[in-house]
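See structure below.
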Amino acid sequence: MSEPLVIVGNGMAATGLCEELAQRALGRYPVSVISEEPRLADR
């Protein structure tokens, strides 16, 4: 595994990044999402 990847925020851009990582590099990075939003963004 590589260095951990921390995503700050849970808006449309962060959600899109998470989706791209899941498609292109699943399991390559340990990912943490830090956000004040109580739920996932709708995309």
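The values are calculated or read from the model by the stated rules, or taken from the named source; none is laboratory data. This structure is a prediction, so every number in the text was calculated from the model and none was measured. So basically every Cβ, Gly included, is an ideal-geometry build from the backbone, and we count neighbours across all protein chains shown.
Scanning the chain for residues that are part of a loop (DSSP other than H, G, I, E, B) and among the basic types (Lys, Arg) yields Arg28, Arg39, Arg43. When segment 13-29 is examined, which residues are found to be out of contact with any Lys or Arg (no Cβ under 6 Å at 6 or more places or on another chain) and surrounded by 10 or more Cβ atoms within 10 Å (Cβ to Cβ)? Result: Ala13, Ala14, Gly16, Leu17, Cys18, Glu19, Glu20, Leu21, Ala22, Ala25, Arg28, Tyr29.
Condition check: of a type in the set (Gly, Ala, Ser), over 11 Å from the mean Cα position of the chain (by Cα) and modelled with pLDDT under 90. Does Gly27 satisfy that? Break it down stepwise before answering.
Values: of a type in the set (Gly, Ala, Ser): yes; over 11 Å from the mean Cα position of the chain (by Cα): yes; modelled with pLDDT under 90: yes.
Judged against the criteria, Gly27 is a match.
How about segment 30-43: which of its residues are over 10 Å from the mean Cα position of the chain (by Cα) and either surrounded by 12 or more Cβ atoms within 10 Å (Cβ to Cβ) or under 13 Å from Met12 (Cα atoms) (or both)? Ser35, Glu37, Arg39, Leu40, Ala41, Asp42, Arg43 - these are the residues of segment 30-43 that are over 10 Å from the mean Cα position of the chain (by Cα) and either surrounded by 12 or more Cβ atoms within 10 Å (Cβ to Cβ) or under 13 Å from Met12 (Cα atoms) (or both).
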